[in-house]
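The values are calculated or read from the model by the stated rules, or taken from the named source; none is laboratory data. Model, not experiment: these values are computed from the prediction. Because the Cβ atoms are built from the backbone with ideal geometry, glycine has one as well, and the counts that use them run over all protein chains shown.
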Amino acid sequence: MRPNLQTLDEITRKLAEAVPQELKVARAELEEQFRAVLESVFARMDLVTREEFEIQQKVLARTREKLELIQRQLDHDDQS
């Protein structure tokens, strides 16, 4: 999964803004290096998008509901 480019740009900009005033001349170059490093790190990470996460969260909730229903049915059958 590739990170959201807007988020990546924002992180890169914030890192560059944190550079001491004496190094501001090299800011553009540092921003490019920050971005390259961040892209590399994110590419190696096994990340999912927020949308994918939310979908899986809903699937898990439905599965849990079904499991609880089955458990209640089994418990009821055991009592009969």
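From E31, E39, E52, grab the single residue that is over 16 Å from Q6 (Cα atoms), among the acidic types (D, E) and out of contact with any Cys (no Cβ under 7 Å at 6 or more places or on another chain).
Working: E31 fails: over 16 Å from Q6 (Cα atoms); E39 fails: over 16 Å from Q6 (Cα atoms).
After applying the criteria, what remains is E52.
To keep it simple, each residue is scored yes or no on (1) of a type in the set (A, V, I, L, M); (2) in contact with a helix residue (DSSP H, G or I) (Cβ under 8 Å, 6 or more places away or on another chain); (3) at pLDDT below 85.
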residue: I11; (1), (2), (3): yes, yes, no
residue: L15; (1), (2), (3): yes, yes, yes
residue: R35; (1), (2), (3): no, yes, no
residue: F42; (1), (2), (3): no, yes, yes
residue: V48; (1), (2), (3): yes, yes, yes
residue: L60; (1), (2), (3): yes, no, no
residue: E68; (1), (2), (3): no, no, no
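With respect to the numbered conditions (1) under 14 Å from the mean Cα position of the chain (by Cα); (2) assigned to a helix (DSSP H, G or I); (3) surrounded by fewer than 11 Cβ atoms within 10 Å (Cβ to Cβ), which one is the sole condition not fulfilled by E54?
(3) is the only condition that E54 fails.
Return only the number of the condition from (1) in a helix (DSSP H, G or I); (2) free of Cβ contacts under 8 Å to residues at least 40 places away in the same chain; (3) surrounded by 11 or more Cβ atoms within 10 Å (Cβ to Cβ) that F42 does not satisfy.
(2)
Please indicate, with yes or no, whether at least one residue in region 14-33 is part of a loop (DSSP other than H, G, I, E, B) and in contact with a Phe, Trp or Tyr (Cβ under 6 Å, 6 or more places away or on another chain).
Keep residues of region 14-33 that are part of a loop (DSSP other than H, G, I, E, B), which gives 18-20.
The next check asks that each one be in contact with a Phe, Trp or Tyr (Cβ under 6 Å, 6 or more places away or on another chain); those that pass are none.
Within region 14-33, none of the residues are part of a loop (DSSP other than H, G, I, E, B) and in contact with a Phe, Trp or Tyr (Cβ under 6 Å, 6 or more places away or on another chain).
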